[in-house]
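A short worksheet on the structure shown next.
The values are calculated or read from the model by the stated rules, or taken from the named source; none is laboratory data. For clarity, every value in this text was computed on a predicted model and none was experimentally measured. Cβ sites come from the backbone with ideal geometry, for glycine too, and all protein chains shown count toward neighbours. The protein model used for the area step is the full one, side chains on, heavy atoms only, and it has no ligands, DNA or RNA in it. Shrake-Rupley method; radii C 1.70, N 1.55, O 1.52, S 1.80 Å.
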Number of protein chains: 2
Amino acid sequence: MSTTTMAPEMREVNRTFDEVVAAGNVAALERVYARDAQILPPGAEPVRGLEGIQNFWKSARKPLKVTGCTLRTLELQVRGDMAYEVGRADLTTSASSAPIVVEYLVAWRRVDGAWRWHVDIWNTSS
Amino acid sequence: MSTTTMAPEMREVNRTFDEVVAAGNVAALERVYARDAQILPPGAEPVRGLEGIQNFWKSARKPLKVTGCTLRTLELQVRGDMAYEVGRADLTTSASSAPIVVEYLVAWRRVDGAWRWHVDIWNTSS
């Protein structure tokens, strides 16, 4: 399996996501998702568009009492203005001592020079 | 959203998947998944490698009593030897009159001239 090293600009996008999930400042998701991005959440209908995605995360993080998020990139393939990333997210919550482990696949695109998540889908092993 | 028309060769891959899920002939998944592909199933650990994926589908389709599968491509983006596809699968089962609807994201790669699924992740809305 060939894995491309993640560019600093893409790492910054992922760190922004971690911060938003930890702190709830969903406005900053404009630096993560493309304006016409879509998410395919488990147990919920797909959501398209930045505003809907911001609302989704605002609602989703509260009942879980999320206190932190760490994305770990396991594989990244980049071709021109497109990339995909396979990874795991560790979510820490104040409701449980064990982190929630999430598997994800993100399709990235570079639009107007900025790398953004275009499609984001995830699930859990349990 | 720009959507690239799916090449006949890629459509054939998806039709093969439909047939395998309907009929259980998992050997034919070698014409769907790359040898080093990985799947990220909901409710189960990730599986890497064609043989493991074949075993996964052999086991997974039985308890659901699946009788048919129809993949519907909603978005396809192709760049060189890489592509991603967003879609929905309708699974018909003899256990229920309503189809099970699955959302998926597949990262495709063309290896040795043949388009194959490299990463496959899915979940359900309910």
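Things to note:
- Across the identical copies, how the A:Ala60 labels are spaced - nm, sorted shortest first, 7 Å along Cα→Cβ: 2.0
- Whole-percent carbon and sulfur share, accessible surface of the protein assembly as shown, 1.4 Å: 52 percent
- Helix A:50-64 and the longest principal axis of the Cα set of chain A meet at an angle near 40°.
- Around the Cα centre of the stretch B:8-126, unit charges on the Cβ atoms of Lys, Arg, Asp and Glu (plus for the first two, minus for the last two) sum to a dipole of about 180 debye.
- For the protein assembly as shown, the solvent-accessible area works out to 45 Å² per residue, with a probe of 1.4 Å and every protein chain left in place.
- Net +/- balance of residues flanking A:Arg61 in space, Cβ distance below 14 Å, scoring K and R +1, D and E -1: +1
- Against the empirical curve 2.2 N^0.38 Å, the C-alpha radius of gyration of the protein assembly as shown lands at a ratio of 0.99.
- Interface area, A with B, accessible, probe 1.4 Å, both sides summed, Å² nearest 100: 2800 Å²
- Derived scalar couplings ³J(HN,Hα) [the stretch A:120-126; Karplus, 6.51 cos²θ - 1.76 cosθ + 1.60; whole Hz; x for Gly, Pro]: 9, 9, 8, 7, 10, 7, 10
- In the protein assembly as shown, helical runs assigned H by DSSP with n ≥ 4 each contribute -39500 (n - 2.57); averaged across all residues and rounded to the nearest 500, the mean residue ellipticity at 222 nm is -8000 deg cm²/dmol.
- The distance linking the stretch B:29-95 with the stretch B:105-120 is 12 Å (Cα centroid to Cα centroid, whole angstrom).
- Under 17 Å of direct C-alpha separation, and excluding same-chain neighbours fewer than eight residues apart, A:Lys62 reaches these aspartates and glutamates: A:Asp18, A:Glu19, A:Asp90.
- Measuring how big the stretch A:1-77 is from its alpha-carbon positions, Rg and Dmax come out at 13.2, 38 Å.
- Cα-based helix-to-principal-axis angle, B:8-23 vs chain B, degrees rounded to 10: 10 degrees
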